[in-house]
Amino acid sequence: MIPRLVTLLLLFGIASFGIAEAAPVPVLLTPSVGEYPLGLVVEYCEDVQHAWMLDNVLAGNFQGAFRRSLQQNPNFTLTRSAFWLRFTVKNMHPADETFILEYSFPTIDTVEFYRPNGARNGTNDYSMLRTGDMFPYSSREMPHRSFLCHVPLRAGEEQTIYVRIASSGPLIATLTLWHPDALLQKEDWERSLHGAFYGIMLVMLAYNLFLAFAVQERSYAFYVLYLATFVLYQMCLDGTAIEYLWQNSPLWSNRAYIFFTGLTVCTASLFARDFLALRKHSLRLDRAMQALIVCGSVIAIAVFFLSYRFVIAFASMLGAVSAAITLAAAIFCAWRGFAPALYFLAAWSILIIAVFVFSTIGFGLVPFNSWTWYGSRAAAMLEVVLLSLGLAYRINLLRKEQELARFLVSENVDLNTINTTLSRRNDGLQRLNAQLDEANTFKTRMISMVSHDLKNPLNIIRLLANTLITELREDSHDGAETLHSLIQETQRSSAMVEELLDMAALDMGKIALKRVEMDVSALVAAVVFMQSSSAEQKEQSITMQLPPECVIRADEARLRQVIENLISNAVKFSPHGKTVNVCLTAPDEKGLVRFSVQDEGPGLTDDDKSKVFGHFQKLSARPTGDEHSSGIGLAIVKQIVELHGGHIAVESEVGKGATFVVELPSQV
């Protein structure tokens, strides 16, 4: 152990105080040391155009281009260049040994190992091993998630080894030379760590999947989706996915890392948005989380169509941004007093910080080492345990709330909301009293109107009936005229009763329209024909301006009631010898049909216009032919028009007649 520490300190001192042009110091491979990190002894040079071959690098004029690394794991960030690495080793073992060179960054596109075959004619002959995630798994010299290369050395032999790396993503030189026994021990330890990590994640995934089915809440379903995508993301990141899932799909293997990065951001944001109820607590944070969901989905799709370098840069930036936004949302909801946010914050804060740190590795803002590499995994394991405890607490809390609610319902007591309930009930009672007062006033007015307006027609009907009996007994010729008057008074009373019933039904909302396709032009013409006899009795004329056809969806019976009322009112309030103008227009660009009736009566005052559509309103104008008016016809017209989704208005000046205009939608 002491020789190993001495060797590492010596190498660090050389890297810190040496200069780039100094002669390379070989790494002494001693029997007491099995692991040789090469980050602080490796030299590198940048190939911007990807134009150099090994012969160019070996040439004397290139040797001065190499610079000594000052990082444990040299991080070249997101670069378009290729990099050549070299280091010198010397076998201090008493016998020939075969060492293993490991490049442990699994998401690199291409890595080429150049190992010497031994001196020939004073020069070294090199063999090349090319691999990377752009190549099938079978291209690897040894089946392993990392990229491994055998380096045979004779006893006492000193050799310089070259490595060329290039990638569209982050370019990090993670080189370690191993003695096979040390690598085997390290592999046992790593596989145990991976087994523990994936075992815990899969157990938590299955556990929360069971809860999702048992509790029937979306938060659990979103959390299961997040766990699944996060596990696949981690498998792509450490090379486990290509080792076990898709060995012979290099193109997919190269893209899968970014694909699952986008999906992980998407599913994590879905879960956080639902669990924290952001729509309720903060619309801005909710929109920000929705934007993260969209961006994550776009990255997962764009990785197959856009530049890989652009997408991976955007994905790394999005990972850091999503971590910051999610952490801010959790803090905000906890500050607002949302209790589940405390558990979310406790479970996710460490993971979010780890993800934020790991996402910035590609930009060189933090170093690449074991802490940053395995930090997200340790945080993820802690997160799933804490969050599962939080979810279990939430289930218990929900159960207690349900039990308390059942108790309060059974006892008819709700101590937490009694003041609010009483206040609401008081408001409700006040509104109900106002409605009852209005209904009572309406009832009183209706009874008064019925007793007043129906008493005279009924008395007349009784007198006419008695007269008719007498005349029929005397075989008088006046019997037919009396019978005609009796029929008129009966029709008048019947019409008044129908109006009252319609008004009551409309006020109670008990009228349902029966819409059909109908021709309004034909309906208006039919109504005008029926009203012509009344107009002729007063020497009036009715003019019509109608389109050949005007089809709308409406209740034909109720629409006839509107048209009849408006035309009969125009005839009723117009003096003898005047003209009533009826106009109908086809649907305009908004789909509205316009129907108007214009008379030449006395017109309406401002006070008349304010109450013309009210119940039981007596206006200043009076019928010109002793006709009867109940004062509720226009109120019924207005309600029928509004039931059709239309609008009615009146235009009038005193002494210049009145125009009633109805606008109805042609389709509903």
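The values are calculated or read from the model by the stated rules, or taken from the named source; none is laboratory data. Every value quoted in this text rests on a predicted model; they were computed, and no experiment measured them. No Cβ is skipped: glycine too gets one built from the backbone with ideal geometry, and neighbour counts run over all protein chains shown. When the accessible area is computed, the model is the full protein with side chains, heavy atoms only, and any ligands, DNA or RNA have been set aside. Shrake-Rupley method; radii C 1.70, N 1.55, O 1.52, S 1.80 Å.
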Picking from PRO180, PRO170, the residue that is in contact with a strand residue (DSSP E or B) (Cβ under 7 Å, 6 or more places away or on another chain), surrounded by fewer than 16 Cβ atoms within 10 Å (Cβ to Cβ) and of a type outside the set (A, V, I, L, M, F, W, C) would be PRO180
Residue pairs within 7 Å by beta carbon, gap of at least six or interchain, first lying in the stretch 200-213 and open to solvent by 30 Å² or more (accessible area, probe 1.4 Å) and part of a helix (DSSP H, G or I), second modelled with pLDDT of 80 or more and of a type in the set (Asp, Glu), listed first then second, are none
Those residues of the stretch 162-185 which are more than 49 Å from the chain's Cα centre (by Cα) and not in a helix (DSSP H, G or I) amount to TYR162, LEU177, TRP178, HIS179
Looking across the stretch 69-102 at residues that are charged (D, E, K, R) and in a loop (DSSP other than H, G, I, E, B), the single one that is nearest to the chain's Cα centre (by Cα) is ARG80
The correct count of residues that are modelled with pLDDT of 85 or more and touching a Gly at 6+ places or on another chain (Cβ under 8 Å) in the stretch 224-260 is 0
Given the conditions (1) within 30 Å of LEU251 (Cβ to Cβ); (2) free of Cβ contacts under 8 Å to residues at least 40 places away in the same chain; (3) in a helix (DSSP H, G or I); (4) polar (S, T, N, Q), every one holds for SER127 apart from (3)
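Collect the residues in the stretch 554-595 that are of a type in the set (Ser, Thr, Tyr) and open to solvent by less than 20 Å² (accessible area, probe 1.4 Å), keeping them in residue-number order.
Passing the criteria: only SER574.
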Filtering the stretch 596-624 down to residues that are open to solvent by 40 Å² or more (accessible area, probe 1.4 Å), β-branched (Val, Ile, Thr) and at pLDDT 80 or above yields THR605
Condition check for SER269: modelled with pLDDT under 85 and either among the polar types (S, T, N, Q) or over 21 Å from the mean Cα position of the chain (by Cα) (or both): no
Scanning the stretch 529-553 for residues that are at pLDDT 85 or above, buried (at least 19 other Cβ atoms within 10 Å of the Cβ) and assigned to a helix (DSSP H, G or I) gives none
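Residues checked against (1) at pLDDT 85 or above; (2) over 60 Å from the mean Cα position of the chain (by Cα); (3) surrounded by fewer than 20 Cβ atoms within 10 Å (Cβ to Cβ):
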| site | (1), (2), (3) |
| --- | --- |
| ARG120 | no, yes, yes |
| ASP125 | no, yes, yes |
| SER138 | no, no, yes |
| CYS149 | yes, no, no |
| THR160 | yes, no, yes |
### Message
Going residue by residue through the stretch 15-24, is there one that turns out to be within 57 Å of the chain's Cα centre (by Cα), of a type outside the set (A, V, I, L, M) and either at pLDDT 50 or above or open to solvent by 20 Å² or more (accessible area, probe 1.4 Å) (or both)?
### Response
yes
Filter result for ASP188 (acidic (Asp, Glu), modelled with pLDDT under 85, in a strand (DSSP E or B) and more than 18 Å from LEU237 (Cβ to Cβ)): no
Going by what's in this entry, would PHE83 be described as within 27 Å of PHE310 (Cα to Cα), of a type in the set (A, V, I, L, M, F, W, C), open to solvent by less than 40 Å² (accessible area, probe 1.4 Å) and in contact with a strand residue (DSSP E or B) (Cβ under 7 Å, 6 or more places away or on another chain)? yes
Open item on the list: So for the stretch 131-147 (the condition being in a strand (DSSP E or B), in contact (Cβ under 8 Å) with a residue 24 or more places away in the chain, of a type outside the set (A, V, I, L, M, F, W, C) and in contact with a strand residue (DSSP E or B) (Cβ under 7 Å, 6 or more places away or on another chain)), does at least one residue qualify?
Closed with: no
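Can you work out which of the residues in the stretch 57-80 that are polar (S, T, N, Q) and either touching a strand residue (DSSP E or B) at 6+ places or on another chain (Cβ under 9 Å) or surrounded by 13 or more Cβ atoms within 10 Å (Cβ to Cβ) (or both) is farthest from ILE108 (Cα to Cα)? Steps first, answer last, please.
Step one: list which residues in the stretch 57-80 are polar (S, T, N, Q), which gives 61, 63, 69, 71-73, 75, 77, 79.
Within this subset, residues satisfying the condition of being either touching a strand residue (DSSP E or B) at 6+ places or on another chain (Cβ under 9 Å) or surrounded by 13 or more Cβ atoms within 10 Å (Cβ to Cβ) (or both) are 63, 69, 71-73, 75, 77, 79.
On the way: GLN63: 25, SER69: 19, GLN71: 19, GLN72: 18, ASN73: 14, ASN75: 12, THR77: 12, THR79: 12 Å.
The qualifying residue farthest from ILE108 (Cα to Cα) is GLN63.
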